[in-house]
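Enquirer: Right, I'll just put the structure down here and ask away after.
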Amino acid sequence: MSINSPPELKSLFETALNEFEKRAGTNLAQHQVISKLVNCESADSVIDVIQEQAQAFRNFRGDGGKLTTWLKRTVNVLYNLSVSEMLCEGASLPFPPAKALFAGIAVLLGAIKDISSSYDALIDLFESFESFLRRLDIYTKIPSTTAMTEIIVKILIELLSTISVAVQQAKQGRLSELPPSQ
């Protein structure tokens, strides 16, 4: 059964991408990482693409595996959502919302590569994402409805907004003072 997303859902997603560009200074639809992510067919391949961005930060700060652990957990849960029938069929958008989130995460990692003080805030952010997304994972195991698809996409849009605020704060050297999502 295919569910067509209403035009307002597409409009919300496009608005979220525009908001990301305004806050973070990066157009996700045209960012080089999105072309790599669109071709990813597993959580591991998404992690590999994102790890390229994380490598510069790990080289600068050192890591001990904590960042990688939370990145993998976040990506795995988000990937499960992205391949669920609910989002694959339900969101006829320019590219899946989860891919935009993956690209946003890569942009965030690129923005903090030289800011050691952002490390703890970044770990806290990914820990919160993973915890929150894990709760949403249950909805991938039940039959989808238009209403549920809309709710999940709206939640993913809010996560994208949170990432845009984090990128903005990181570029200003203030990620350790990350405010709640607006």
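The values are calculated or read from the model by the stated rules, or taken from the named source; none is laboratory data. Please read these numbers as outputs of a predicted model, since none were measured by experiment. Note that we place each Cβ from the backbone using ideal geometry, even for glycine, and neighbour counts take in every protein chain shown. Heavy atoms of the whole protein, side chains included, go into the accessibility calculation; ligands, DNA and RNA do not. Shrake-Rupley method; radii C 1.70, N 1.55, O 1.52, S 1.80 Å.
Enquirer: Largest first, how would Ser161, Ser128, Ser42 line up by accessible area (1.4 Å probe)?
Expert: Highest to lowest solvent-accessible surface, that is Ser128, Ser42, Ser161.
Enquirer: How far apart, in nanometres, would the label points at Thr69 and Lys154 be if each is projected 7 angstrom from Cα along the Cα-to-Cβ direction?
Expert: Inter-label distance under the simple model: 3.5 nm.
Enquirer: Next question. State which entries of Lys72/Lys171; Lys10/Lys154; Lys36/Lys72; Lys10/Lys141 exceed 21 angstrom in Cα-Cα distance in the structure shown.
Expert: In this structure, Lys72/Lys171; Lys10/Lys141 lie more than 21 Å apart at Cα.
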